[in-house]
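The values are calculated or read from the model by the stated rules, or taken from the named source; none is laboratory data. The structure displayed is predicted, hence computed values, not measured ones. Here the Cβ positions follow ideal geometry from the backbone for every residue, glycine too, while neighbour counts run over all protein chains shown.
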Amino acid sequence: MTKSTQEPTKICCLGAGYVGGPTMAMIAHKCPEIDVHVVDLNPDRIAQWNSEKLPVYEPGLYDVVKQARGRNLRFTTDVPGAIREANMCFISVNTPTKTFGIGAGRAANLEFVEKCARTIAENSDSDKVVVEKSTLPVRTAESVKRILSSHSAKVKFDVLSNPEFLAEGTAMEDLRDPDRILIGGDSSAAIEKLADVYKNWVPNDKIIRTNLWSSELSKLTANAFLAQRVSSINAISALCEATGADVDEVAGAIGTDSRIGPKFLKASVGFGGSCFQKDILNLVYLCEHFGLPEVAQYWEQVVKMNDYQKYRFSTRIVKKMFNTVSNKKIAIWGFAFKKDTNDTRESAAIYVCRDLLEERAKLTIYDPKVDIDQIRRDLAYLIAGPNGELTEVQKELLQTHVTVAKSAEEAADGAHAIALMTEWDEFKDADFDSIYQSMMKPAFVFDGRNVLDSQKLSGIGFDIESIGKA
Ligand code: NAD
Ligand code: UDX
């Protein structure tokens, strides 16, 4: 597990987000002899990385950052300076779904990646390994290579694909003990230089070497397969509700088949997060681009099923509450797209809140890690729709019908219903006896994650509805 490169590796990572920050913190932690500079164009984000309150909430992250920060881990806005000093540059910037032009709503927006390639080229006077850490469409490395090589003939760039497989909420465990590290490239020397970094803590047999295109495509495929499992079990949840089968029992029964396996079979209000939808839509776009419409339609159905699941949850709330939620207080428990993260990107909660606000429900939202401003921004963004402008009516609705509470109990006080959107552990341990006393009757609970003890809650008097249970 020792390094074998001649010159010491010096890393610059462009993009201090949910991937760049934790990943580089782990490299700095495990490789004290490697200098790691994490850079970002956003000065506020860098200031937060240098503060006590990191911009990313992830269990265990702060301890790792604190230990390496100022030693061999630095967060800075000096992009050119950090590139010049480095011999290995990671590109870890956002690749959101395009909202304009060709491929809008499907293709990945690669402007930030291209900008990084240009910035690296402009600020390099020595050879560098350039590592794609962002999730990218297959064959992006071709463009990255062209941009890099068109700048100067004197500097040699080797481009590698090294997609990240961490999941938010468990990022530090995933980084510490990954299932695999994937490195794609066509220079075996460059591949081994990057493998040497990981070999400081990851066994060599977990480091997979492939060609560039296989590596880029494997990342999209992995996310598509994972999301497909969630959509598959969510599709079955609808049938369970109609037939009296219990989706958790069905998932338990099929998950024992070693060919299926137990993971990613938890029925829910729908998957969220910055990756699944974006990466599947990107895959769909690629399939269309390469003249494979049947393959594109096949994968698109995974996203459509997810939209259906979110909408099904909202409509079930309205139907059960006597077909009207107008001016009824509904407590929204959880706003993040899963527990143990402050990330709300594509969270199912945003969509369900939008639907309930359209029905004029009064929402009181509580999430232990998401800031009030973020909640308000997310709702305003979704409600405004594609033109980005809120009407006066929408502005008023957001003002008068959305409150943010400081605790789950406060949110539920006087409410007609609780809608549990994120599976935060604290919700399972809430004092339901006293919550029941404080609510309007009948007191409804809509458990969008199937984490509450429905028998116990029914015993208290709640009218509880779970996913995939009649
Ligand atoms: P993010 O939005 O949290 O962070 C991206 C950062 O890049 C932002 O802080 C932004 O200011 C910065 N940036 C943009 N352009 C820049 C430039 N030219 N120079 C320097 N900084 C720049 O995004 P993220 O969640 O960290 O995702 C990054 C990539 O990793 C995406 O391609 C994503 O698909 C992929 N990925 C994400 C996850 C995840 O769980 N979030 C997991 C695996 C892979
Ligand atoms: C995902 C991939 O898991 C990770 O490998 C990749 O690097 C980034 O995308 P992430 O989106 O952070 O990670 O979280 P993940 O645990 O995959 O959950 C995604 C969504 O699916 C969440 O909303 C989660 O609640 C939901 N989900 C997951 C379910 O509804 N049921 C499940 O069984 C699993």
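Key figures for this structure:
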| item | result |
| --- | --- |
| Boolean, residue 202 is closer than 19 Å to residue 308 by Cα, out of contact with any Asp or Glu (no Cβ under 6 Å at 6 or more places or on another chain) and of a type in the set (A, V, I, L, M, F, W, C) | no |
| Residues of region 268-319 classified as within 16 Å of ligand 2 (Cβ to nearest atom), surrounded by fewer than 18 Cβ atoms within 10 Å (Cβ to Cβ) and either more than 14 Å from residue 235 (Cα to Cα) or under 18 Å from the mean Cα position of the chain (by Cα) (or both), total | 1 |
| Check on residue 82, within 24 Å of residue 370 (Cα to Cα), over 22 Å from the mean Cα position of the chain (by Cα) and more than 9 Å from ligand 1 (Cβ to nearest atom) | no |
| Residue in region 21-36 that is part of a loop (DSSP other than H, G, I, E, B), away from ligand 2 (no atom under 16 Å from the Cβ), within 21 Å of the chain's Cα centre (by Cα) and not basic (Lys, Arg) present | no |
| Candidates 206, 263 - the one that is of a type outside the set (A, V, I, L, M), under 18 Å from the mean Cα position of the chain (by Cα) and under 30 Å from residue 27 (Cα atoms) | 263 |
| Unique residue being outside the structural domain of residue 94 (by TED's automatic domain parsing), in a helix (DSSP H, G or I) and without any contact (Cβ under 8 Å) to a residue 12 or more places away in the chain when the list is 226, 239 | 239 |
| Residue that is nearest to ligand 2 (Cβ to nearest atom) [pool: residues in region 335-381 that are touching a strand residue (DSSP E or B) at 6+ places or on another chain (Cβ under 8 Å) and of a type in the set (Phe, Trp, Tyr)] | 335 |
| Test: residue in region 397-420 that is closer than 18 Å to residue 348 by Cα, of a type outside the set (Ser, Thr, Tyr) and either in contact with a Gly (Cβ under 8 Å, 6 or more places away or on another chain) or within 16 Å of ligand 1 (Cβ to nearest atom) (or both) | yes |
| Residue 159 within 30 Å of residue 60 (Cα to Cα) and buried (at least 22 other Cβ atoms within 10 Å of the Cβ) | no |
| Meets criteria (away from ligand 2 (no atom under 11 Å from the Cβ), out of contact with any strand residue (DSSP E or B) (no Cβ under 6 Å at 6 or more places or on another chain) and modelled with pLDDT of 95 or more) for residue 254 | yes |
| Extreme residue, surrounded by the fewest Cβ atoms within 10 Å (Cβ to Cβ), among residues of region 97-137 that are within 22 Å of residue 198 (Cβ to Cβ) and polar (S, T, N, Q) | 135 |
| Residue in region 338-345 that is without any contact (Cβ under 8 Å) to a residue 24 or more places away in the chain and either under 28 Å from residue 96 (Cα atoms) or of a type in the set (Lys, Arg) (or both) present | no |
| Complete set of residues in region 49-96 that are assigned to a helix (DSSP H, G or I) and surrounded by fewer than 18 Cβ atoms within 10 Å (Cβ to Cβ) | 62, 63, 66, 67, 80, 81, 84, 85 |
| Of the criteria (1) in a helix (DSSP H, G or I); (2) farther than 19 Å from residue 167 by Cβ; (3) touching a residue at least 60 places away in the same chain (Cβ under 8 Å), which one residue 294 fails | (3) |
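So that you can scan it fast, the table gives a plain yes or no per residue for (1) touching a strand residue (DSSP E or B) at 6+ places or on another chain (Cβ under 6 Å); (2) in a strand (DSSP E or B); (3) modelled with pLDDT under 95; (4) within 16 Å of ligand 2 (Cβ to nearest atom):
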{"residue": "154", "(1), (2), (3), (4)": "no, no, yes, no"}
{"residue": "172", "(1), (2), (3), (4)": "no, no, no, yes"}
{"residue": "191", "(1), (2), (3), (4)": "yes, no, no, no"}
{"residue": "216", "(1), (2), (3), (4)": "yes, no, no, yes"}
